[in-house]
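Novice: One structure, as structure tokens, below. Some questions next.
The values are calculated or read from the model by the stated rules, or taken from the named source; none is laboratory data. All figures in this text were calculated on a predicted structure; none of them were measured in a lab. Using ideal geometry, Cβ is built from the backbone for each residue, glycine included, and neighbour counts are taken over all protein chains shown.
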Number of protein chains: 4
Amino acid sequence: MNAESKESKEKEKKEKDDLDQNPAQRLRIRDLGLAIGHHRPGRFNAITDVRGVKVGHSTIVKGHGELIPTKGPVRTGVTAIFPYENNIYWDRVVGGAFVLNGAGELAGITQVSEWGLIETPIILTNTLSVGTCSNAVVQYMTEKNPDIGQKHDVIIPLVGECDDSWLNDIAGQHVQAEHVYEAIENARPGPVVEGNVGGGTGMITCDFKAGIGTSSRKLHQKFGGHTVGVLVMSNFGEMKDLRIDGIPVGKVLAPRYEHFRKRNNTFGSIIAVVATDAPLHSHQLDRLAKRAALGIGKIGSYAAHGSGEIVLAFSTANRVPRETRKMVYKMKVILDQRMDPLYQAVVETTEEAIVNSMCMAMDMEGINGNFAPALPLKTLKKMITNHKKYYESESCF
Amino acid sequence: MNAESKESKEKEKKEKDDLDQNPAQRLRIRDLGLAIGHHRPGRFNAITDVRGVKVGHSTIVKGHGELIPTKGPVRTGVTAIFPYENNIYWDRVVGGAFVLNGAGELAGITQVSEWGLIETPIILTNTLSVGTCSNAVVQYMTEKNPDIGQKHDVIIPLVGECDDSWLNDIAGQHVQAEHVYEAIENARPGPVVEGNVGGGTGMITCDFKAGIGTSSRKLHQKFGGHTVGVLVMSNFGEMKDLRIDGIPVGKVLAPRYEHFRKRNNTFGSIIAVVATDAPLHSHQLDRLAKRAALGIGKIGSYAAHGSGEIVLAFSTANRVPRETRKMVYKMKVILDQRMDPLYQAVVETTEEAIVNSMCMAMDMEGINGNFAPALPLKTLKKMITNHKKYYESESCF
Amino acid sequence: MNAESKESKEKEKKEKDDLDQNPAQRLRIRDLGLAIGHHRPGRFNAITDVRGVKVGHSTIVKGHGELIPTKGPVRTGVTAIFPYENNIYWDRVVGGAFVLNGAGELAGITQVSEWGLIETPIILTNTLSVGTCSNAVVQYMTEKNPDIGQKHDVIIPLVGECDDSWLNDIAGQHVQAEHVYEAIENARPGPVVEGNVGGGTGMITCDFKAGIGTSSRKLHQKFGGHTVGVLVMSNFGEMKDLRIDGIPVGKVLAPRYEHFRKRNNTFGSIIAVVATDAPLHSHQLDRLAKRAALGIGKIGSYAAHGSGEIVLAFSTANRVPRETRKMVYKMKVILDQRMDPLYQAVVETTEEAIVNSMCMAMDMEGINGNFAPALPLKTLKKMITNHKKYYESESCF
Amino acid sequence: MNAESKESKEKEKKEKDDLDQNPAQRLRIRDLGLAIGHHRPGRFNAITDVRGVKVGHSTIVKGHGELIPTKGPVRTGVTAIFPYENNIYWDRVVGGAFVLNGAGELAGITQVSEWGLIETPIILTNTLSVGTCSNAVVQYMTEKNPDIGQKHDVIIPLVGECDDSWLNDIAGQHVQAEHVYEAIENARPGPVVEGNVGGGTGMITCDFKAGIGTSSRKLHQKFGGHTVGVLVMSNFGEMKDLRIDGIPVGKVLAPRYEHFRKRNNTFGSIIAVVATDAPLHSHQLDRLAKRAALGIGKIGSYAAHGSGEIVLAFSTANRVPRETRKMVYKMKVILDQRMDPLYQAVVETTEEAIVNSMCMAMDMEGINGNFAPALPLKTLKKMITNHKKYYESESCF
């Protein structure tokens, strides 16, 4: 029996074991019984728990079989995040960033790091569609704000990318301006669709299908009562390294998947977007963004050479008007020494958002029959239940 | 007499004073008799003196009069720089960067800073055309290298921008993929066209028309004999601050131009590209790029809040193959303590490139009658001649 | 029963449970049966597995009871690391660094980041003794190399610190030049003494006594066969967050220690020193250093506001002579895309070094009766044994 | 006539030409008739124009003739800057930093960059005395605030250095704790002594004697009315590159000094401290500090490999209390787009402070007869007068 037929057998067996490949049966990690970290999630356990934040997707899935460049198959899309309900061009939010490994692109990051301001929606897509998305955001913004580039400053759109070329005809550049508009128009508060959607449609994490994931924390009042939310487009890592809340899930599952063809592990990346209503200035947001890297590491990333791991952060608490007669304004700022609960929240929310991106994604076959299996939730649930039982019992020591 | 008619009078008078507004009469600063710095220029006094470097432009000038958004007038374009004569995707050069003020964009800079590699041509254009250019480079590169995104890695194009909206219908996004292709196809070694061309078509420096400028130094053999070249797209500053080799040119000329309408000085930016054949690793190129900032400062920049001042640097001495069986290679590297002549060369070459971008640019009228006057070369030549005479005589002290 | 007497009871009970508080009975984590990560350790599982690296300590423990400032009790010391067996002033090694959270000091780091060179021994001590140590290294170096500051350049010593003030009379500045000399003279290759020694004497990690720890990896020949070693002075974190290879050790043990007075968790820091014989240039060492942060995160750090988490890295493969007639030299360099095994090695070695710093430390009582309990190895060993058994069985899912 | 006797002759002649080598006859550049830049200085044209800032020196000059290591001659000292009149440990000011070239040390900079706070005085001294000064500040601070390291956090002193080894027995480490105390106790508001004093005692700039210099700007009310002050310890550059407000002073004077032995130009450094009462947060102060680099460049620096060019900045407008019950406070902040006058002020103040450090320094002979001549003020005054006359006349063009 050759490797390929072994893979087929495994897929079959897998389907018997885990009959949960339909969207209705996908569950977020918390619904599987695992609460990561010390703090409580917000209402939707999503980046949209930060008031004013809106998320929308445009998902492009077309064709099957062999790759015919520019024809497909297509497994990609666009995710749009609005940091704030008002017109973000006029009412900017404070921003910051951190690059764990810069083998990737978040177009516009230089200006965020310099000015500490976010003045456009944030777009997530595949690597070779950054230009198209940037362009479409320029069009969208100039339509909404016709003075851009005349009476008022030009803008530099924020567009993050990961490489979905293992499943998607990436060089075909199937993302069009209309998809960017669609993602923007779909953007809304409340629950966020996760998994194989938007920019995350063709993404993979630790050899399992992944994509978009999100999570949030609402800190206790004694820590200020602020909300922190993270949304990731997750696309990195190797199965053997996967840990969920420390549980060696990857190591346990790896033998089942050893006959699966996997993409070269040097591919991959993650873009994380951190939102908060805590009043932070840009330097504090840089520091906050840095902590997301620790969450990425806990899942199993060693920040591989080829993995672009970039974090953007923003705070909605202070808005910076484009036009004002005032020179000096009063900014609410948290004392630095009170930021530790926010740091903790970012670490655990990033971890949970990545896990959610896997839990909510389903099996996907892309170009050339390349197949990314969904995380087997039944098995995972059993692992979690047993792990908790084991560590709550005396039998652990 | 109102301000506008004064301006008209001034323009007229100016034309009489300086009958050098046609391209044939524009001269580079060295041809006006001024040699900036201690080291000698290379053959063409251009970035192309670094063997293998090629430069091409696509210039878009259309229409006159009032701005009709999306119709024009158009004063913009694209400049393409190839760092190396081979296929840059397969034979990458070593790169580095420095951001003096990040109020701008050089898409792809994050990866250059992480990997220290340049693997695409470098494109310069206006702020709102970065997306289009990025996209076009993706198309160009995937046509030339069909394995991109399949057998081989994706790419992230390098696209730098300045804001030409005082003369150009920037929101009209008049740069198309064809212009990027044209600039790429025009790229060649040898003399570089300067002034109102390519990405620099609509740019302004210290209230004078500017655009693309370049300069180079060929170091003496005792300093290693290496070549350093700089190309700038220059678009920053205020007239009163303009100094050329220390001469207070701006202060002297300012009274003549006081009735001219000028753009808001908070606009502006400069992208500088530094090339060398000295064998430098990426960290050394970061340091080299930093020195370009000092050249920008000597012209009169204080790195204004809104001015994106970004420097990219590359060395052609070591090329890093995409594919190799070897794990360890031998890299030629200059001892750090021998880099000072290179640093000096970058400072003076940057200064001279900016001045050349002004000397070679001609008067330009753009949208809404906005007018950027050329640097008056006859007057400048007299200033230089007299200044030299003065400082060579005993009368200076 | 008040909190204090409860603590006493607990201490007593603890002693019965874990009769392994004498040095002879302390074991490294690998000797407790746990192998962290994918790669194999070097001969001594220590930073000294990188040929030429030497480590020495000077430990200062004096007095008991109430703090009488400048009198004691004293629980501190000095650790010295020599990156290379030759005279490091003449034969410099290539260096790099990363700051995860800069709430601390590694004096000299600015020059390492600029020059990418290490030219002095590396000293670790308490926060308020950085000046004394810096001074003593200057004396030591000028004695050995009398031309320093005359015919030859001055030097800037590398001195890292953590805050041991919960156990030590830190403001008493008990470290003297003689201790620095002692640590330097004690420096040797081979096994490294860990735990309550040298600069780590008074340090605490996740509320357990910690200090100096080390670990190494010798990569498989197919990955280049290079060695990576890490030495940490570890002093951060809270018990509830402590994980060892993902095992929730802190959460399991926390109830036993809840009546122990603990230091304010905002104190703390970690200095990690990464050594390798892989041929890396300085920018690559910066990237390598960054990966140590992920190992720190896996133990349970969220890089608290007050925790200075700083990483220094060096490579012994290329040595940079102070004097040379040559301008250009040939440097061996690993291709960046082959660095992933080195990155993995740093993550897992950092994790293991921190754990070793705890495993090898013993109970310590310092000023004012402040008490830091040793990690209970008997219990930990049981936890590890059972955890492995559990995850190797079918009962985990 | 050999070079040495030529130098003697030149010295003699020089003395005849410029009878202004006594302190009473030294004048600041503005008193020589040159006003650098666009904005007006504050009352004392000194860093102390920022209310609350105090400066003190301790100057150590001993012995003559040949260097006998540890005996002398000694030409060094300590300068202390207090950012604020209150106890800086309790009432911290906001800080930031920029490293133009990190071939030097400003101990404590890592924490300033992380926390954006300054909580100790700032000390300037020679390279090999950083440890002693750091230590002395610890002693001073713990005497004043006995809870340091116990109830309250430890501190990390800020100590900047340049290399004075061409004139001073640097390896003799002649700076003692008492000198640090003396500088601290001498610290006061009002006029600042410049030239061969304090940390600047043995420093040289562009081959002329230099040392401590300062300058300030009080912005016009329409720009916010804030004050910016800079103090430098200046020790870099080569005569041929020296420009003062663009005037090629070095080139003109160089022939007179060609027989003087000069130190190796790769030595050298500059530490600049920027103070302001404008309300800036730490990220804005980082940006402000960066502009000082442009001022350094205008004097003639190309940021030589061996030249440590480091800038520290602080704002006294917001003070951050060590202890507070509040979590969120209101911080006054200038809108970023209103910062340009502050940027201009920093560029021109840095330039003027460096020039003042030369104008106010006198001839100094140090070890082994090494001689650094004072800037010849009579000649300089003539140059300035004639230059102004020339450029105000029509003869310039």
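Novice: Is there a residue being more than 14 Å from chain D (Cβ to nearest Cβ), touching a helix residue (DSSP H, G or I) at 6+ places or on another chain (Cβ under 8 Å) and under 26 Å from residue B:251 (Cβ atoms) anywhere in segment B:364-372?
Specialist: Applying the first criterion (more than 14 Å from chain D (Cβ to nearest Cβ)) to segment B:364-372 yields B:364-372.
Within this subset, residues satisfying the condition of being touching a helix residue (DSSP H, G or I) at 6+ places or on another chain (Cβ under 8 Å) are B:371.
Of the ones still in play, those that are also under 26 Å from residue B:251 (Cβ atoms) are B:371.
Yes, segment B:364-372 contains a residue that is more than 14 Å from chain D (Cβ to nearest Cβ), touching a helix residue (DSSP H, G or I) at 6+ places or on another chain (Cβ under 8 Å) and under 26 Å from residue B:251 (Cβ atoms).
Novice: How many residues does segment C:225-250 contain that are crowded, with 18+ Cβ neighbours inside 10 Å and either of a type in the set (Gly, Ala, Ser) or more than 20 Å from the chain's Cα centre (by Cα) (or both)? I'd like the intermediate steps shown before the answer.
Specialist: Pass one, segment C:225-250, residues crowded, with 18+ Cβ neighbours inside 10 Å: C:226-239, C:241-250.
With either of a type in the set (Gly, Ala, Ser) or more than 20 Å from the chain's Cα centre (by Cα) (or both) added as a condition, the list becomes C:226, C:229, C:234, C:237, C:246-250.
Result for segment C:225-250: 9.
Novice: Let me ask another. For segment C:331-363, which positions are out of contact with any Phe, Trp or Tyr (no Cβ under 8 Å at 6 or more places or on another chain), assigned to a loop (DSSP other than H, G, I, E, B) and more than 11 Å from chain A (Cβ to nearest Cβ)?
Specialist: C:360, C:362
Novice: Among the residues of segment A:331-362, count how many are modelled with pLDDT under 95, of a type in the set (D, E, K, R) and surrounded by 20 or more Cβ atoms within 10 Å (Cβ to Cβ).
Specialist: Number of matching residues: 1.
Novice: Looking only at segment A:85-93, decide whether some residue is free of Cβ contacts under 8 Å to residues at least 60 places away in the same chain and either crowded, with 20+ Cβ neighbours inside 10 Å or assigned to a strand (DSSP E or B) (or both).
Specialist: Yes, segment A:85-93 contains at least one residue that is free of Cβ contacts under 8 Å to residues at least 60 places away in the same chain and either crowded, with 20+ Cβ neighbours inside 10 Å or assigned to a strand (DSSP E or B) (or both).
Novice: Something else about it: Hey, can you tell me all the residues within segment A:235-263 that are more than 23 Å from residue A:353 (Cβ to Cβ) and within 11 Å of chain C (Cβ to nearest Cβ)?
Specialist: The answer is A:256, and nothing else.
Novice: Return the only residue of C:233, C:203, C:239 being touching a helix residue (DSSP H, G or I) at 6+ places or on another chain (Cβ under 6 Å) and more than 20 Å from residue C:348 (Cβ to Cβ).
Specialist: Working: C:233 fails: more than 20 Å from residue C:348 (Cβ to Cβ); C:203 fails: touching a helix residue (DSSP H, G or I) at 6+ places or on another chain (Cβ under 6 Å).
Selected residue: C:239, the only one of C:233, C:203, C:239 that is touching a helix residue (DSSP H, G or I) at 6+ places or on another chain (Cβ under 6 Å) and more than 20 Å from residue C:348 (Cβ to Cβ).
Novice: Right, something else. Any residue at all in segment D:196-215 that is modelled with pLDDT of 95 or more, among the hydrophobic types (A, V, I, L, M, F, W, C), on the phi > 0 side of the Ramachandran plot and crowded, with 24+ Cβ neighbours inside 10 Å?
Specialist: Scanning segment D:196-215 turns up at least one residue that is modelled with pLDDT of 95 or more, among the hydrophobic types (A, V, I, L, M, F, W, C), on the phi > 0 side of the Ramachandran plot and crowded, with 24+ Cβ neighbours inside 10 Å.
Novice: Can you say whether residue D:385 is closer than 30 Å to residue B:382 by Cβ, of a type in the set (Val, Ile, Thr) and surrounded by fewer than 24 Cβ atoms within 10 Å (Cβ to Cβ), as far as the supplied structure shows? Give the steps one after another, and end with the answer.
Specialist: Numbers: closer than 30 Å to residue B:382 by Cβ: yes; of a type in the set (Val, Ile, Thr): yes; surrounded by fewer than 24 Cβ atoms within 10 Å (Cβ to Cβ): yes.
Here the answer is yes, as residue D:385 does meet what is asked.
Novice: Can you pull out every residue in segment C:271-330 that is among the small types (Gly, Ala, Ser), in a strand (DSSP E or B) and either within 10 Å of chain A (Cβ to nearest Cβ) or surrounded by 24 or more Cβ atoms within 10 Å (Cβ to Cβ) (or both)?
Specialist: Restricting attention to segment C:271-330, the residues satisfying the condition of being among the small types (Gly, Ala, Ser) are C:272, C:275, C:278, C:282, C:289, C:292-293, C:295, C:297, C:300-301, C:303-304, C:306-308, C:313, C:315, C:317.
If we keep only those that are in a strand (DSSP E or B) as well, we get C:272, C:275, C:308, C:313, C:315, C:317.
Hits for segment C:271-330 are C:272, C:275, C:308, C:313, C:315.
Novice: Answer with yes or no whether residue A:176 is more than 30 Å from residue A:70 (Cα to Cα), within 14 Å of another protein chain (Cβ to nearest Cβ) and modelled with pLDDT of 95 or more. It would help to see each step written out before you state the result.
Specialist: On the way: more than 30 Å from residue A:70 (Cα to Cα): no; within 14 Å of another protein chain (Cβ to nearest Cβ): yes; modelled with pLDDT of 95 or more: yes.
So residue A:176 does not fit the description; no.
Novice: Select from segment C:301-330 the residues that are closer than 14 Å to residue C:281 by Cα and touching a Pro at 6+ places or on another chain (Cβ under 7 Å) and list them in ascending order.
Specialist: First, pick out the residues of segment C:301-330 that are closer than 14 Å to residue C:281 by Cα: C:312-320, C:329-330.
Within segment C:301-330, C:314, C:315, C:316, C:317, C:318 qualify.
Novice: Ok, one more. For residue B:114, only one of the following conditions fails: (1) within 17 Å of the chain's Cα centre (by Cα); (2) within 19 Å of residue A:160 (Cβ to Cβ). What is its number?
Specialist: Every condition holds for residue B:114 apart from (1).
Novice: Those residues that are of a type in the set (S, T, N, Q) and assigned to a loop (DSSP other than H, G, I, E, B), I need them from segment B:52-82; list them, please. Talk me through it step by step, then tell me what you get.
Specialist: In the first step, residues of segment B:52-82 are kept if they are of a type in the set (S, T, N, Q); the result is B:58-59, B:70, B:76, B:79.
Matches in segment B:52-82: B:70 only.
Novice: Sticking with this structure for a sec: Can you pull out every residue in segment B:305-330 that is at pLDDT 95 or above and of a type outside the set (Ser, Thr, Tyr)?
Specialist: In the first step, residues of segment B:305-330 are kept if they are at pLDDT 95 or above; the result is B:309-317.
Residues satisfying the conditions are B:309, B:310, B:311, B:312, B:313, B:314, B:317.
Novice: If I ask for residues that are touching an Asp or Glu at 6+ places or on another chain (Cβ under 6 Å) and over 21 Å from residue D:292 (Cβ atoms), which ones from segment D:89-121 would you list?
Specialist: Result: D:89, D:92.
Novice: State the number of residues belonging to segment C:113-130 that are crowded, with 24+ Cβ neighbours inside 10 Å and assigned to a strand (DSSP E or B).
Specialist: 6
Novice: Kindly indicate whether residue B:54 is modelled with pLDDT under 95 and of a type in the set (Lys, Arg).
Specialist: Details: modelled with pLDDT under 95: no; of a type in the set (Lys, Arg): yes.
It is false that residue B:54 is modelled with pLDDT under 95 and of a type in the set (Lys, Arg).
Novice: Taking into account only those residues within segment A:79-103 that are at pLDDT 95 or above and not hydrophobic (A, V, I, L, M, F, W, C), which is farthest from residue A:143 (Cα to Cα)?
Specialist: Filtering segment A:79-103 for residues that are at pLDDT 95 or above and not hydrophobic (A, V, I, L, M, F, W, C), the one farthest from residue A:143 (Cα to Cα) comes out as A:101.
Novice: Please find, within segment A:26-50, the residue that is nearest to residue A:186 (Cα to Cα) out of those that are charged (D, E, K, R) and touching a Pro at 6+ places or on another chain (Cβ under 8 Å). Walk me through it before giving the result.
Specialist: So the first thing to find is which residues in segment A:26-50 are charged (D, E, K, R), and the list is A:26, A:28, A:30-31, A:40, A:43, A:49.
Next cut, touching a Pro at 6+ places or on another chain (Cβ under 8 Å) only: A:30, A:49.
Details: A:30: 26, A:49: 17 Å.
For segment A:26-50, the residue satisfying everything is A:49.
Novice: When segment D:60-78 is examined, which residues are found to be closer than 26 Å to residue D:185 by Cβ and modelled with pLDDT under 95?
Specialist: Restricting attention to segment D:60-78, the residues satisfying the condition of being closer than 26 Å to residue D:185 by Cβ are D:60-63, D:72-78.
D:72 - this is the single residue of segment D:60-78 that is closer than 26 Å to residue D:185 by Cβ and modelled with pLDDT under 95.
Novice: Here's a follow-up. Would you pick out the residues in segment D:39-51 that are surrounded by fewer than 18 Cβ atoms within 10 Å (Cβ to Cβ) and part of a loop (DSSP other than H, G, I, E, B)?
Specialist: Narrowing segment D:39-51 to residues surrounded by fewer than 18 Cβ atoms within 10 Å (Cβ to Cβ): D:40, D:43-44, D:51.
Within segment D:39-51, D:43, D:44, D:51 meet the criteria.
Novice: Additional query: Looking only at residues in segment A:51-93 that are within 14 Å of chain B (Cβ to nearest Cβ) and of a type in the set (S, T, N, Q), which one is nearest to residue A:171 (Cα to Cα)?
Specialist: Start the filter on segment A:51-93 by keeping residues that are within 14 Å of chain B (Cβ to nearest Cβ), which leaves A:66-76, A:78, A:89, A:92.
Now narrow it down to the ones that are of a type in the set (S, T, N, Q): A:70, A:76.
On the way: A:70: 7, A:76: 12 Å.
Across segment A:51-93, the extreme among qualifying residues is A:70.
Novice: Any residue that is of a type in the set (S, T, N, Q) and either touching a Leu at 6+ places or on another chain (Cβ under 8 Å) or more than 10 Å from every other protein chain (Cβ to nearest Cβ) (or both) - is there at least one of those in segment D:378-385? So that I can check it myself, show each step before the final result.
Specialist: Step one: list which residues in segment D:378-385 are of a type in the set (S, T, N, Q), which gives D:379, D:385.
Narrowing the set further to residues that are either touching a Leu at 6+ places or on another chain (Cβ under 8 Å) or more than 10 Å from every other protein chain (Cβ to nearest Cβ) (or both) leaves D:379.
Checking segment D:378-385: at least one residue is of a type in the set (S, T, N, Q) and either touching a Leu at 6+ places or on another chain (Cβ under 8 Å) or more than 10 Å from every other protein chain (Cβ to nearest Cβ) (or both).
Novice: Considering each of A:120, A:110 in turn, give the residue that is more than 7 Å from chain B (Cβ to nearest Cβ), of a type in the set (Ser, Thr, Tyr) and under 23 Å from residue A:315 (Cα atoms).
Specialist: Numbers: A:110 fails: more than 7 Å from chain B (Cβ to nearest Cβ).
None of the other options fit; the residue is A:120.
Novice: Does residue A:127 satisfy the condition of being at the interface with another protein chain (Cβ under 8 Å from one of its Cβ atoms), under 17 Å from the mean Cα position of the chain (by Cα), modelled with pLDDT of 95 or more and under 29 Å from residue B:151 (Cβ atoms)?
Specialist: Here the answer is yes, as residue A:127 does meet what is asked.
Novice: Still on this structure, I have one more. Give segment C:316-367 a look and list any residue that's without any contact (Cβ under 8 Å) to a residue 40 or more places away in the chain and aliphatic (A, V, I, L, M), or say none.
Specialist: Step one: list which residues in segment C:316-367 are without any contact (Cβ under 8 Å) to a residue 40 or more places away in the chain, which gives C:324-330, C:335, C:337, C:340.
Result: C:327, C:328, C:335.
Novice: Go through segment B:94-103 and report how many residues are within 7 Å of chain A (Cβ to nearest Cβ), crowded, with 24+ Cβ neighbours inside 10 Å and not hydrophobic (A, V, I, L, M, F, W, C).
Specialist: Number of matching residues: 1.
Novice: Can you tell me which condition residue C:391 does not meet? The list is (1) under 21 Å from residue C:238 (Cβ atoms); (2) within 10 Å of another protein chain (Cβ to nearest Cβ), and all the others hold.
Specialist: It fails just one condition, (1).
Novice: Ok, one more. Collect the residues in segment A:131-167 that are assigned to a strand (DSSP E or B), at the interface with chain B (Cβ under 9 Å from one of its Cβ atoms) and more than 14 Å from residue B:173 (Cβ to Cβ), keeping them in residue-number order. Walk me through it before giving the result.
Specialist: Applying the first criterion (assigned to a strand (DSSP E or B)) to segment A:131-167 yields A:148, A:152, A:158-162.
Retained after the next criterion (residues that are at the interface with chain B (Cβ under 9 Å from one of its Cβ atoms)): A:148, A:159, A:161.
Selection gives A:159, A:161.
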